[in-house]
Each structure stands twice: as structure tokens, then as C-alpha cells.
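Single-structure report; data block below.
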Amino acid sequence: MQRTIPLTIVLVLGVLFTVQYFIPSKPSQFLYNNALEWEIVIGLPAIVIATDSLIRHHILKIKQRKKEWPFSLVYLGS
């Protein structure tokens, strides 16, 4: 159930946006523009949180000298 709902939402929106691309109309264009605005609103904080999490994870791995910690140095360096 935890995976079914998000996957269903993604499937439905994917089909709708694919149809909208090939058969544009006013309602579908409105839905598409609305979804793009929400993507920006939700996407930016998600990127910030994910980047922070990755950096903290690799710093912790380096501090504790866990297995393959030099790869974390490469990650942070890049």
C-alpha cells in the first residue's frame, strides 16, 4: 500500500502528460503548467535536503574511517 499509491499517481500523471504533449488542449495545458509550478516548489527543497544528507553521510563516513572511506573523499572533492 505504501508503494502502490505513489506509483499509481506517477503512472497516471505520466500518461496524462504524454497525451498532453501529443494532443495539447487548454485544460491539459493548464494542468501541465500547474504541475510545473508545483515541481519547482517541491523540487528545490528536496534537492537541498538530499544534498545536505549526502554531504553529512560522507563526512561521517570519513570521520569514522568506515570501509571504503577514501571514496567519500572523492565524492566530496568532486
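Report the dimensions of the range 1-71 along its three principal axes from the alpha-carbon atoms, largest first, rounded to Å.
If we take the Cα atoms of the range 1-71, the spans are 57, 26, 20 Å.
Set Lys and Arg Cβ to +1 and Asp and Glu Cβ to -1, take the dipole of the chain about its Cα centre, and tell me which of 32, 74, 43 lies farthest positive.
The one lying farthest along the dipole's positive direction is 74.
Test of understanding: what is the full-extension gain from residue 5 to residue 60, defined as 0.36 nm times their sequence separation minus their Cα-Cα distance?
Working: separation 55, 0.36 × 55 = 19.80 nm, distance 3.41 nm.
In short, 16.4 nm is gained.
Give me the percent of the accessible area of the chain that comes from carbon and sulfur atoms, probe 1.4 Å, all protein chains in place.
The value for the chain is 71 percent carbon and sulfur by accessible area.
Pull up the cross-link candidates among the aspartates and glutamates for residue 63, meaning alpha carbon to alpha carbon under 18 Å and not fewer than 8 places away within one chain.
52
Let me spell out the model: positive unit charges on the Cβ of Lys and Arg, negative unit charges on the Cβ of Asp and Glu, origin at the Cα centre of the chain. What dipole size does that give, in debye rounded to 20?
Approximately 540 debye in magnitude.
The values are calculated or read from the model by the stated rules, or taken from the named source; none is laboratory data. If you're wondering where the values come from, they're calculated on a predicted model, not measured in any experiment. Note that we place each Cβ from the backbone using ideal geometry, even for glycine, and neighbour counts take in every protein chain shown. Note: areas computed on protein heavy atoms with side chains; ligands, DNA, RNA excluded. Shrake-Rupley method; radii C 1.70, N 1.55, O 1.52, S 1.80 Å.
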